[in-house]
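Engineer: Quick one: this structure, given as structure tokens, is what I'll be asking you about.
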Amino acid sequence: MSRTDPAETPLGDAFHVYDTTLRDGAQREGISYSVADKLVVARLLDELGVGFIEGGWPGALPKDTEFFARAAAGDLELRHAALVAFGATRKAGTTADKDPQVRALLDAQAPVVTLVAKSDLRHIERALRTDVTEACAMVSDTVAFLVGEGRRVFLDAEHFFDGFAHDPDCALRVLAAAMESGADVAVLCDTNGGQLPLRLADTVGEVIARTGFRVGIHCQDDTGCAVANSVAAVQAGASHVQCTANGYGERAGNADLFAVVGNLVTKLGMQALPARCVPELSRVSHALAEIANIAPDTHQAYVGSSAFAHKAGLHASAIKVDPLLYNHIDPEVVGNDMRVLVTEMAGRASLELKGRELGVDLAGRPEELTTAVRTVKELEARGWSSEAADASLELLLRRQLADPSLVDGPPFTLESYRVILDHRPDGEVVSEATVKVRVAGTRVIATAEGNGPVHALDAALRSALSPHLPWLDEVALTDYKVRILTEAPGTDAVTRVLVESTDREREWTTVGVHGNIVEASWLALCDALVHKAMRVAQPVSSVSP
């Protein structure tokens, strides 16, 4: 886990982009991140250059506790961001050093802690069942204790705007209790999501004028104004903005990180992210959608595939003269592409940059780049996902360039495979797979059982290859995601499978698309092994039936 002080990041400490996808975003219905997912999400957010990544609530949720333990053990190295642990203040009637939840925040070993505290008098009296004096003591004691233990502390003032409207003196007392005890930022939370931009901005400005505190903003989207409210708060003086990827969150969601940053950078001229990271907005948005197993919003501002799409007619005619006549920005600024009619204009620059990131040099290879762009476009139209499957994309690009490690011969070639479902008399359902492959000049047949067809196929393939590929035991399948891609009846639909693999040193993702879920899974599994073989300098190539 990184110990980077945010003040040492390229943007310094003047403005904070704070991501809470792994905590607040994970509260969205239908999202359930594994610990492995959380690590991948954190790495992607760090690549994007956000200043703070809230990892979850250690001590309250076992997965979050394990996530922080793995981060502390070295499974998460952050270059830009500081990792943040989220939790509550001490309980009433005790002390911070004796509160197990506060101790869990220390045990997480994150350099930053965000504390949530109620700032609405009605919540203090009815939910906490205490008075304002004790509520403020809970805040000040906990902040002072954590600061004394070397942690940087932010305060999330829950229900702040409703509380300020009801009793401003109470709401400001809670902020003062935190800031006067050593907290760095007082984050004003629109917890119920009921605010509108003008009133919210007035409140932010009034709080800053009356207190002089450094203020942040956290908005829910129940009025559809979370992004507008966040930008308005920044314009009113907030210098810390909390968001989630793609607006994920409870109920209607949170302020969308990509829309907020897109507005701050392109409309207000703020350096909210390192300049070189802004073109990664679209890629990271789509990759995070795949990890959440939620279809990307095609009409999402800035990063949606339709954000810069134009139908034929007046728009298309104007675009021929100057694309900016109908695009509010150059799409490439945020890593997106313009589309005319139903044809996506290939992103040559984006693919060249991505290739460079993957170690594939496409510079000075215009013909190969053009062909690669066309191929990616065709595959994407059939459901392939380059954003979420870097390993499959790397293989595609290397094959396009006739990489020597991919043309000297495959590590194995498939002759055939078969999967049988066995429903046994005792009710147990077992899958049995048989694979016939050629490896190292030898024909090998192997059979294995599994708790599903993919598990059985994986086991049979490993049984066949293990004697010939000494590195195979290092590779483990860590996650498996399936999505139906068409609106055809379920049995006729096209299926996309994402397979995440690891060799304990790194993780990679591959994709397979087919009308048959087993074949889609097979393609993704094979790509995973081919990619590993390439990395260990084994002779590899495409694996084709």
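Engineer: Going by the conditions given, is Gln109 closer than 22 Å to Val185 by Cβ, in contact with a Gly (Cβ under 8 Å, 6 or more places away or on another chain) and in contact (Cβ under 8 Å) with a residue 40 or more places away in the chain?
Structural biologist: Numbers: closer than 22 Å to Val185 by Cβ: yes; in contact with a Gly (Cβ under 8 Å, 6 or more places away or on another chain): no; in contact (Cβ under 8 Å) with a residue 40 or more places away in the chain: yes.
Here the answer is no, as Gln109 does not meet what is asked.
Engineer: Which condition does Ala209 not pass, out of (1) of a type in the set (A, V, I, L, M); (2) within 18 Å of Ala178 (Cβ to Cβ); (3) more than 31 Å from the chain's Cα centre (by Cα), if it passes all the others?
Structural biologist: Of (1) of a type in the set (A, V, I, L, M); (2) within 18 Å of Ala178 (Cβ to Cβ); (3) more than 31 Å from the chain's Cα centre (by Cα), only one is false for Ala209: (2).
Engineer: So, in segment 354-373, exactly how many residues are more than 18 Å from Arg283 (Cα to Cα) and either in a loop (DSSP other than H, G, I, E, B) or within 29 Å of the chain's Cα centre (by Cα) (or both)? Talk me through it step by step, then tell me what you get.
Structural biologist: Restricting attention to segment 354-373, the residues satisfying the condition of being more than 18 Å from Arg283 (Cα to Cα) are 361-371.
Imposing the further condition that a residue be either in a loop (DSSP other than H, G, I, E, B) or within 29 Å of the chain's Cα centre (by Cα) (or both) reduces the set to 361-365, 369.
Counting residues in segment 354-373 that are more than 18 Å from Arg283 (Cα to Cα) and either in a loop (DSSP other than H, G, I, E, B) or within 29 Å of the chain's Cα centre (by Cα) (or both) gives 6.
Engineer: Also: Looking at Ser431, is it of a type in the set (S, T, N, Q) and in contact with a Gly (Cβ under 6 Å, 6 or more places away or on another chain)?
Structural biologist: yes
Engineer: Out of the residues in segment 164-185 that are part of a helix (DSSP H, G or I) and either within 32 Å of the chain's Cα centre (by Cα) or of a type in the set (Val, Ile, Thr) (or both), state the one that is surrounded by the fewest Cβ atoms within 10 Å (Cβ to Cβ).
Structural biologist: Restricting attention to segment 164-185, the residues satisfying the condition of being part of a helix (DSSP H, G or I) are 164-166, 168-179.
Then keep just the ones that are either within 32 Å of the chain's Cα centre (by Cα) or of a type in the set (Val, Ile, Thr) (or both); that gives 174-175, 178-179.
On the way: Val174: 27, Leu175: 26, Ala178: 29, Met179: 22.
So, considering only residues that are part of a helix (DSSP H, G or I) and either within 32 Å of the chain's Cα centre (by Cα) or of a type in the set (Val, Ile, Thr) (or both), the one surrounded by the fewest Cβ atoms within 10 Å (Cβ to Cβ) is Met179.
Engineer: Based on this model, can you work out whether Ser385 counts as surrounded by 19 or more Cβ atoms within 10 Å (Cβ to Cβ), under 30 Å from Pro279 (Cα atoms) and polar (S, T, N, Q)? Talk me through it step by step, then tell me what you get.
Structural biologist: Details: surrounded by 19 or more Cβ atoms within 10 Å (Cβ to Cβ): yes; under 30 Å from Pro279 (Cα atoms): yes; polar (S, T, N, Q): yes.
Here the answer is yes, as Ser385 does meet what is asked.
Engineer: For segment 45-86, what are the residues that are closer than 18 Å to Gln27 by Cβ, of a type in the set (Gly, Ala, Ser) and buried (at least 24 other Cβ atoms within 10 Å of the Cβ)?
Structural biologist: Hits for segment 45-86 are Gly55, Gly56, Ala85.
Here's the yes/no breakdown for (1) modelled with pLDDT of 85 or more; (2) among the charged types (D, E, K, R):
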residue	(1), (2)
Arg443	yes, yes
Asp479	yes, yes
Glu487	no, yes
Thr495	yes, no
Leu523	yes, no
Met534	no, no
Ser544	no, no
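Engineer: Taking Arg506 as the residue in question, decide whether it is out of contact with any helix residue (DSSP H, G or I) (no Cβ under 8 Å at 6 or more places or on another chain), under 26 Å from Gly74 (Cβ atoms) and not aliphatic (A, V, I, L, M).
Structural biologist: On the way: out of contact with any helix residue (DSSP H, G or I) (no Cβ under 8 Å at 6 or more places or on another chain): yes; under 26 Å from Gly74 (Cβ atoms): yes; not aliphatic (A, V, I, L, M): yes.
So Arg506 passes the test.
Engineer: Kindly indicate whether Arg90 is more than 16 Å from Asp141 (Cα to Cα), outside the structural domain of Arg506 (by TED's automatic domain parsing) and in contact with a helix residue (DSSP H, G or I) (Cβ under 7 Å, 6 or more places away or on another chain).
Structural biologist: Values: more than 16 Å from Asp141 (Cα to Cα): no; outside the structural domain of Arg506 (by TED's automatic domain parsing): yes; in contact with a helix residue (DSSP H, G or I) (Cβ under 7 Å, 6 or more places away or on another chain): yes.
No.
Engineer: Working only within segment 52-67, note down all residues that are small (Gly, Ala, Ser) and at pLDDT below 95.
Structural biologist: First, the residues of segment 52-67 that are small (Gly, Ala, Ser): 55-56, 59-60.
Matches in segment 52-67: Gly59, Ala60.
Engineer: I would also like to ask the following. How do the strands (runs of 3 or more DSSP E) wholly within segment 388-485 filter down when requiring 2 or more residues that are out of contact with any Phe, Trp or Tyr (no Cβ under 8 Å at 6 or more places or on another chain) and within 23 Å of His531 (Cα to Cα): which remain? Step through it out loud before you land on a result.
Structural biologist: Details: elements: 413-423, 429-439, 442-450, 476-484.
Filter on segment 388-485 gives 413-423, 442-450, 476-484.
Engineer: Right, another one. Looking only at segment 428-465, count how many residues are among the hydroxyl-bearing types (Ser, Thr, Tyr) and exposed (fewer than 15 other Cβ atoms within 10 Å of the Cβ).
Structural biologist: Step one: of segment 428-465, the residues among the hydroxyl-bearing types (Ser, Thr, Tyr) are 431, 434, 442, 447, 463.
Next cut, exposed (fewer than 15 other Cβ atoms within 10 Å of the Cβ) only: 442.
Total meeting the criteria: 1.
Engineer: Which of the following residues is in contact with a helix residue (DSSP H, G or I) (Cβ under 9 Å, 6 or more places away or on another chain), part of a helix (DSSP H, G or I) and either at pLDDT 95 or above or among the hydrophobic types (A, V, I, L, M, F, W, C) (or both): Ile319, Ile294, Ile329?
Structural biologist: Working: Ile294 fails: part of a helix (DSSP H, G or I); Ile329 fails: part of a helix (DSSP H, G or I).
Within the list Ile319, Ile294, Ile329, the selection yields Ile319.
Engineer: Give me the residue from segment 108-132 that is farther than 12 Å from Ala171 by Cα and among the polar types (S, T, N, Q) and, out of that set, nearest to the chain's Cα centre (by Cα).
Structural biologist: Thr114
Engineer: Within segment 30-42, can you find the residues that are in contact (Cβ under 8 Å) with a residue 24 or more places away in the chain, surrounded by fewer than 24 Cβ atoms within 10 Å (Cβ to Cβ) and not β-branched (Val, Ile, Thr)? Lay out the reasoning, then the answer.
Structural biologist: Within segment 30-42, the first condition is being in contact (Cβ under 8 Å) with a residue 24 or more places away in the chain, and the residues that meet it are 30-31, 33-42.
With the extra rule that they be surrounded by fewer than 24 Cβ atoms within 10 Å (Cβ to Cβ), the set shrinks to 30-31, 33-37, 39-40.
If the condition is that a residue be in contact (Cβ under 8 Å) with a residue 24 or more places away in the chain, surrounded by fewer than 24 Cβ atoms within 10 Å (Cβ to Cβ) and not β-branched (Val, Ile, Thr), then Gly30, Tyr33, Ser34, Ala36, Asp37, Leu39 are the ones that fit.
Engineer: Moving on. Would you please list the contacts, defined by Cβ atoms under 6 Å and residues six or more apart or on different chains, that run from a residue in segment 83-100 that is touching a residue at least 60 places away in the same chain (Cβ under 8 Å) to a residue that is in a loop (DSSP other than H, G, I, E, B)?
Structural biologist: Leu83/Met1; Leu83/Ala110; Val84/Ala110; Phe86/Arg23; Phe86/Trp57
The values are calculated or read from the model by the stated rules, or taken from the named source; none is laboratory data. Not measured: the values here are computed from a predicted model. As a convention, Cβ positions derive from the backbone with ideal geometry for all residues, glycine included, and neighbour counts pool all protein chains shown.
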